[in-house]
Amino acid sequence: MRSPRSAAPPDGVGDVAGPGQVRHALRAYALDGHRPDGIQTRLEKVLAVNSPVRAATLCIVQVDRAAGVLRISNAGHIPPVVRSPDGTTTLLHDHGPLLGLDLPHPPPAEVPLLPGTEVVLVTDGLIERRGVDLDEALEALRAAVASGPVAPGAMCDALLAAFPPDGEDDVAILAARLR
């Protein structure tokens, strides 16, 4: 029997080849109520046992309404972008090591959860290009989110227009506006 939880199961974006086993384990650990860093620690064990996946990036965002925070654990992934209700837009550079290296994962960053807070997560295929500095690409992503529309679907469309996929890598975008 599941006990009630004050935090919603985390959501996130990751980048891995052959992700099925990792994705299913992630979902199970999240539904079991683990904190994001605890999920990452458990996924290390999944990767160590009979997995064709050797390393993976993953960014998990957990909405904890009772505590009034977003918990964000990033294992080597592109930093999430958070736009506050006042329009301040920040790249959350705090992160730990890639999954699969069997290294400890730090506690999640905590961001105040205010109505109207927006979170955008992307895979590297959206912004990384040969010959383009990653820091410049990240700043362009932050600026695109800062000036982008409020509706999550429209934000995804705006980001795809700002960073047209070049076919070199897969692209995933997750945009959420919290109430």
**OP:** Quickly estimate the mean residue ellipticity at 222 nm for the chain, helices only: each DSSP H run with n ≥ 4 gives -39500 (n - 2.57), and the total goes over all residues, rounded to 500.
**Re:** -9000 deg cm²/dmol
**OP:** Would you please give the residues with an amide H less than 5 Å from that of H77, counting only those at least 5 places away or on a separate chain, with H modeled from the backbone geometry?
**Re:** L58
Subject >> Accessible area of D133 in the full protein assembly, 1.4 Å probe (Å², nearest 10) >> reply: 70 Å²
**OP:** Mind checking the per residue accessible area of the chain for me, 1.4 Å probe, whole number of Å²?
**Re:** 52 Å²
Original post:
Which order, highest average first, do 20-26, 84-90 follow once you tally other Cβ atoms within 10 Å for each residue and take the mean per peptide?
Top reply: 20-26, 84-90
Subject >> Computed accessible area, I173, all protein chains, 1.4 angstrom probe, square angstrom >> reply: 40 Å²
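Taking the inverse of the average 1/r across all pairs of different Cα atoms in the chain, what Kirkwood radius in Å do you get?
Computed over the chain, the radius equals 16.7 Å.
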Original post:
Can you run phi through the Karplus equation (6.51, -1.76, 1.60; θ = phi - 60°) for the range 109-121 and list ³J(HN,Hα) in whole Hz, with x for Gly and Pro?
Top reply: 6, 10, 10, x, 9, 10, x, x, 5, 10, 10, 10, 10
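The values are calculated or read from the model by the stated rules, or taken from the named source; none is laboratory data. Computed from a prediction, not measured in an experiment: that's the story for all the values here. Methodologically, a virtual Cβ is constructed for each residue, glycine included, from the backbone with ideal geometry; neighbour enumeration extends over all protein chains shown. The area values use the complete protein model at the heavy-atom level, side chains included, leaving out ligands, DNA and RNA. Shrake-Rupley method; radii C 1.70, N 1.55, O 1.52, S 1.80 Å.
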